[in-house]
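Here's the structure, in structure tokens; my notes come after.
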């Protein structure tokens with residue numbers, strides 16, 4: 001949530017090498033409208049909330065966690081989970097549903 005248009009973003013991250021073949025990555029994105037006169041946009045640029053729909057600037061927060069298993073020199077498996085917690089700029093201006101993201105993938109590099 002919170003596309004690149006008219007937003008202020010704080011994004012701390014932590015990347016850990018747990019073992020030779022296992023790594024973990026955690027981060028959190030916290031989004032604000034740059035001005036309370038800005039609209040709120042999805043990542044694809046679609047307008048989610050019109051400007052002036054609420055005086056609040058806080059759009060929400062999205063923590064993310066990821067584990068990467070390097071199975072061999074050419075094969076990697078990954079599982080990740082993220083959750084978007086809507087902020088007051090979302091909840092005060094209409095329905096503000098939380099969203100979940102789950103990623104399970106394998107990558108073969110040749």
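Here, each number is a calculation from the coordinates, and none is a lab measurement. Just so we're clear, the structure is a prediction, and the values are computed from it rather than from any experiment. Note that each Cβ is placed from the backbone with ideal geometry, even for glycine, and that neighbours are counted across all protein chains shown.
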- request: Take the alpha carbon atoms of the range 54-80, find their center, do the same for the range 8-26, and report the distance between the two centers in whole angstrom.
  value: 9
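Below 8 Å, C-alpha to C-alpha, sequence gap of six or more: please give me the relative contact order for the chain in percent. Don't skip to the answer; put the middle values down first.
Numbers: 255 pairs, mean separation 24.9, N = 110.
Once divided by the residue count of the chain, the mean separation gives 23 percent.
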query: What order do you get for 73-85, 9-21 when each peptide is scored by the mean count of other beta carbon atoms within 10 Å, highest first?
result: 73-85, 9-21
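Arranged from highest to lowest average of other beta-carbon atoms within 10 Å per residue, in what order do the peptides 95-103, 52-60 appear? It would help to have the intermediate numbers written out before the result.
On the way: 95-103: 10.7, 52-60: 17.8.
Final packing ranking: 52-60, 95-103.
Could you please rank 64, 69, 32, placing first whichever residue has the fewest other Cβ atoms within 10 Å of its Cβ? Please report the intermediate quantities before stating the final value.
Details: 64 18, 69 15, 32 21.
The fewest-first ordering by Cβ neighbours comes to 69, 64, 32.
Okay, helix-only estimate at 222 nm for the chain: each DSSP H run of n ≥ 4 adds -39500 (n - 2.57), divide by all residues, round to 500 deg cm²/dmol; what do you get?
Result for the chain, helices only: -500 deg cm²/dmol.
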